[in-house]
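Only one structure is covered here, and it is reproduced in the block below.
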Amino acid sequence: MRIAIGNDHVALEMKKEIRAWLEEKGIEIIDVGTNSPERFNYPVSGYKVAKLVASKEVDAGVLICGTGVGISLAANKVHGIRACVCSDPYTARLSKQHNNTNIIAFGARVIGIETAKMIVEEWLNAVYEGGRHQTRIDMIAEIEQTQALAAAEDTEK
Ligand code: RB5
C-alpha cells in the first residue's frame, strides 16, 4: 500500500510521528511536506496529496494541519477527491464505509497522537460498503461534473 501524506507547519511533528508509525507497518509513504517549521500555506500540500490520490499514484491520502479543516477544503477542490476531517475513529470508519473517502484529515491542534493513530487505523481497515451509498456518491460526483461544465462554459463566453 502507498499513502501520500501532507501537512502545514503546525502539524509537522504529528506528521513525522504518523509517517514513522505507518512506515513501521510496511506502508510506503510519499511525503509531500512541508518538512520545515517555517510558516507554510496548507493548500499547497492539500493539493499535492489530492493530485496523487486522484491520479491513483497512491492508494490513499492523509492530511494534517492545525484543525484539518483548511487542508481538507483544499483537497476537496480536486476532481474525484472525497476528503473528510475527523476528530474521532468512529467518523473515520463510517466515512470510508459509507462515503468512500479517499483522504482522511485531522488537526494537530485538536487531537493527540494516539487518537490520530486510531483514526488512521480505523479508516485504513474499513471497507467501502457500496450499494445504497453508491447512489449518493454518484450524486456528489454529478454536482462536481455539473460545476466543472458550468465553469468551462463561462470561460468560453
Ligand atoms: C494555521 O495557523 C492554521 O490556520 C492551519 O493549520 C489550519 O488549522 C487551517 O485550517
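The values are calculated or read from the model by the stated rules, or taken from the named source; none is laboratory data. Bear in mind the structure is a predicted one, so any value in this text is a computation, not a measurement. A quick note on method: Cβ atoms are made from the backbone with ideal geometry, for glycine too, and the neighbour counts reach across all protein chains shown.
Numbers at a glance
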| item | result |
| --- | --- |
| THR67 vs. criteria under 15 Å from the mean Cα position of the chain (by Cα), within 16 Å of the ligand (Cβ to nearest atom) and among the β-branched types (Val, Ile, Thr) | yes |
| Identity of the residue in the stretch 37-57, within 17 Å of ILE18 (Cα to Cα) and within 12 Å of the ligand (Cβ to nearest atom), that ends up surrounded by the fewest Cβ atoms within 10 Å (Cβ to Cβ) | SER45 |
| Evaluation of GLU122 against (1) touching a helix residue (DSSP H, G or I) at 6+ places or on another chain (Cβ under 9 Å); (2) within 16 Å of the ligand (Cβ to nearest atom) (one fails), failing number | (2) |
| Residue pairs meeting the criteria (Cβ under 6 Å; at least 6 apart or on separate chains; first over 14 Å from HIS79 (Cα atoms), in the stretch 132-157; second modelled with pLDDT of 95 or more) | HIS133/HIS98 |
| Conditions (1) in a loop (DSSP other than H, G, I, E, B); (2) within 16 Å of the ligand (Cβ to nearest atom): number failed by THR101 | (2) |
| Options ALA60, ALA108, ALA92, ALA4: the member that is surrounded by 20 or more Cβ atoms within 10 Å (Cβ to Cβ), within 15 Å of the ligand (Cβ to nearest atom), among the small types (Gly, Ala, Ser) and modelled with pLDDT of 95 or more | ALA108 |
